[in-house]
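What follows is one structure encoded as C-alpha cells, with my remarks underneath.
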Amino acid sequence: MATLVFGAQWGDEGKGKIIDLLAEEADLVVRYSGGNNAGHTVVVGDTRYALHLLPSGILRPGTRNIIGNGVVIDPWHLAEEIKGLRGLGVPVVPGENLLISPCAHMVLPYHKEQDRITEEVRGKGKIGTTGRGIGPCYQDRANRTGLRMGDLLEPAYLKERLTAAVVWKNHFLAGFGHPPLDADRLYDDLRAACAELVPAIQDTSLMLRRALRDGRTKVLFEGAQGLMLDVDLGTYPYVTSTSVAAGGVGGGAGVSPRAVARVLGVAKAYATRVGEGPFPTELTGPEGAMLGERGREFGTTTGRPRRCGWLDLVALRYAIEVTGCTELALTKLDVLSGQPVVRLGTAYEIDGRRHDDFPAGLPGLARAQVQYQEMEGWTEDLGAMRSFDELPAPAQAYVERLERELGVGIPILSIGPGREAVIYRHVQARS
Ligand code: IMP
C-alpha cells in the first residue's frame, strides 16, 4: 500500500512537513527524483531541520529511508547532511535507516562547474538553477557517461569509468579556460567521501517490490520540486531535469506505477517560484513583498528570495489532472491572514484568446494576463486553531471554493511551520 506526495506548484509547497506528518505511519519513505536542489524543511519543537537529499522520514525513529535510483546524489553533500543531522541528535545509520539504490547517479564536482558555466553562457536566458550540478548529472545519465553509486562497490570499474569521463569533461572545461581535472585525485576524494555510505548501497528496488508485494508495509514516496518544474510537463525550459510527480515514481524507484494508491498533492494557499521563468499570477509590488515576508519565502537550498503571487487555479488544476492527484494538502493558509481580499487566478488571456486550461508548451505563457476572482479575506491569526470549525468563515469558504474548483478534497490544512500546526478534515478522496 503506497502513498505518493508531490508538489503541485513550483516547488517549496511545504512537502517536507506533510511527509514528516505522514511518515509517522510509514515503514519506508522513498525519494525517487531530484537531488540536493530540493530543500525540505521540517520543524520539530524549536528545531528546524533542512533536508536536501535525505528522505523526510529520517526524523522518525523506526522508519527506513530509501534514496531511489532516480535521485542524483552529491556524496560530499550527503556526508555533510548526515553529519549535520547527527549533530542535532538524529541517528542516521547507513544500511539501517538509510538505504541507497546502486543505480542512483553521482553528482561530481565537474557537474557543478558545468552547471555554473552553462548558466553563465545562457546569459539573459538563464534558468536560475540551484547551481548544484543537477542538470549536467542527468545529462550524463542520458548520455550513458554517468557514474552510479553501485560503481563504488567495484573500485577498478569506478576508476575506469571516472577516468574516461574526466577526459570528456576536460575537453569541455578547457573551452572555458578551466585547468584540467586530475582523475586520480578525484577518484581518491570520491572514495574517501563515500566510505561511510557504502553499507547503504543495496538493491532498493527489490526491497520495495517485496514490501509492496507483502501488502502490509506502508510505503511513502516523497516527491521533490513541483509539477510546474517537471522537465516535460512544466514551464520548459525553466524547469528542473526530471519527471517530478507520479509519472516519475516507477522509473525513479524501480516499482510499478500501479503500486501507488493514494496521490496527495501539496499546494500552498498562494503561489511562489524561485528562479526564472513564467509565473502568471506573480505579484511584483508590495503585496508580493508582504506575502514573501509573512511566509518567510526564502529558498531552503539557495537562500534566494522566492517570487510570490496569488493562487493559480489554471496551473493547479492542470497539475492535479496530469498526476492523477486524489487529494490535496493545503499549506501556509495562515500566511494569507491580513489580506483584505484574496484573489484566485481562474483563467488566462494570451494574445486575445482565453485559456481556461493550462496552455502547456505555449511560449506565449510569459504574456498571459490572468483573470482573477476575489474573495473576502480574514484577519485572525490561524496558528493556534486545530479544527476546521474554528477557522474564520472566509478562510473556510476559501478552502471549500478550492475543493469545488479543483475537484479534489483537501483533508490536510497546514497553518504554521510546526508539526502540531495542522488541521485534519474528513473528506472523500477522489478515486
Ligand atoms: P535545477 O534543478 O538546479 O537545475 O534548477 C532548475 C529550476 O528548478 C530553477 O528554477 C530552480 O530554482 C528550480 N528548483 C529546483 N529545485 C527546486 C526546489 O526544490 N524548490 C523550488 N525550486 C526548485
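The values are calculated or read from the model by the stated rules, or taken from the named source; none is laboratory data. Please read these numbers as outputs of a predicted model, since none were measured by experiment. As a convention, Cβ positions derive from the backbone with ideal geometry for all residues, glycine included, and neighbour counts pool all protein chains shown. Quick note on the areas: whole protein, heavy atoms, side chains included, nothing else; ligands and nucleic acids left out. Shrake-Rupley method; radii C 1.70, N 1.55, O 1.52, S 1.80 Å.
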Heavy-atom accessible area with a 1.4 angstrom probe orders E297, E196, most exposed first, as E196, E297
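What does the extension gain come out to for S256 and R144, with contour length at 0.36 nm per residue minus their alpha carbon separation?
Numbers: separation 112, 0.36 × 112 = 40.32 nm, distance 2.36 nm.
Gain on stretching S256 to R144: 38.0 nm.
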Computed over the chain, the convex hull of the Cα set has an average projected area, in nm², of 20.4 nm²
Among E282, E327, E96, the residue with the largest mean-square fluctuation in a Gaussian network model of the chain built from Cα contacts under 10 Å is E96
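Could you give the accessible area per residue of segment 75-141, probe 1.4 Å, as a whole number in Å²?
On the way: 2840 Å² over 67 residues.
Here the residues of segment 75-141 average 42 Å² of exposed surface.
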Percent relative contact order for segment 31-113, counting Cα pairs under 8 Å at least six residues apart, stands at 32 percent
Out of F176, F279, F221, a Gaussian network model of the chain with alpha-carbon springs under 10 Å gives the largest mean-square fluctuation to F176
So the carbon and sulfur contribution to the accessible area of segment 45-92, 1.4 Å probe, in percent, is 52 percent
With G45 itself left out, Lys, Arg at +1 and Asp, Glu at -1 over residues whose Cβ is under 13 Å from its Cβ give -1
Taking Cα atoms, the helix 183-194 axis meets the longest principal axis of the chain at an angle in degrees (rounded to 10) of 60 degrees
Hits in segment 1-28: amide N under 17 Å from the 7 Å Cα→Cβ extension of A360, namely 6-11
Pseudo-spin-label distance R386 to E287, built 7 Å along Cα→Cβ, given in nm, is 3.5 nm
A student applying the Cα gyration tensor rule (rounded when a/c is under 1.5; otherwise prolate if a/b is larger than b/c, oblate if not) would label segment 1-70 rounded
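Show F6, F172, F298 ordered by accessible area, largest first, where the area counts protein heavy atoms only and the probe is 1.4 Å.
Values: F6 0, F172 65, F298 115 Å².
My answer, sorted largest first, is F298, F172, F6.
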Relative to the chain, whose Cα atoms define the longest principal axis, helix 393-406 and its Cα axis are tilted in degrees, nearest 10, by 60 degrees
Computed over segment 225-352, the relative contact order (Cα-Cα under 8 Å, seq sep at least six) in percent reads 26 percent
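In whole Å, what three semi-axes, largest first, describe the equivalent ellipsoid of segment 29-79 built from its Cα gyration tensor (square root of 5 times each eigenvalue)? Walk me through the intermediate numbers first.
Numbers: eigenvalues 71, 35, 16 Å².
Listed largest to smallest, the semi-axes of segment 29-79 are 19, 13, 9 Å.
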Loop-resident trypsin sites (Lys or Arg not before Pro) in segment 129-185 with no more than 15 other Cβ atoms inside 10 Å, DSSP not H/G/I/E/B, are R144
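Of M228, M375, which has the most accessible area and how do the rest follow, probe 1.4 Å?
Details: M228 0, M375 30 Å².
Largest accessible area first, the list is M375, M228.
Leaving ligands, DNA and RNA out of it, report the carbon-plus-sulfur percent of the accessible area of segment 283-406 at a 1.4 Å probe. Spell out each step's value before the answer.
Working: 2780 of 5700 Å².
Within segment 283-406, the accessible surface is 49 percent carbon and sulfur.
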Simple spin-label estimate for Q396/F176, 7 Å along Cα→Cβ, in nm, reads 5.6 nm
If one compares the long axis through the Cα atoms of helix 134-143 with the longest principal axis of the Cα atoms of the chain, the angle in degrees, nearest 10, works out at 60 degrees
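If a/c stays under 1.5 just call it rounded; otherwise compare a/b with b/c (prolate if a/b is bigger, oblate if not). Do that for segment 161-264, with a ≥ b ≥ c from the square roots of the Cα gyration tensor eigenvalues.
Note, shape of segment 161-264 comes out oblate.
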Volume per residue (Å³) of the convex hull spanned by the alpha carbons of segment 309-397 is 110 Å³
From the Cα centre of segment 34-69 to that of segment 319-382, the distance in Å is 29 Å
Where a ≥ b ≥ c are root eigenvalues of the Cα gyration tensor, a/c under 1.5 meaning rounded, otherwise prolate if a/b exceeds b/c and oblate otherwise, segment 269-325 counts as prolate
Taking a probe of 1.4 Å and leaving out DNA, RNA and ligands, segment 268-356 shows per residue an accessible area in Å² of 35 Å²
Heavy-atom accessible area of D184, protein chains in place, probe 1.4 angstrom, given in Å² to nearest 10, is 80 Å²
Taking a crude spin-label model, label points 7 Å out from Cα along the C-beta direction, the D27 to Y236 distance in nm is 3.9 nm
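Can you tell me the relative contact order of the chain? Whole percent, Cα pairs under 8 Å, sequence separation 6 or more.
Details: 957 pairs, mean separation 84.4, N = 431.
Reported relative contact order: 20 percent.
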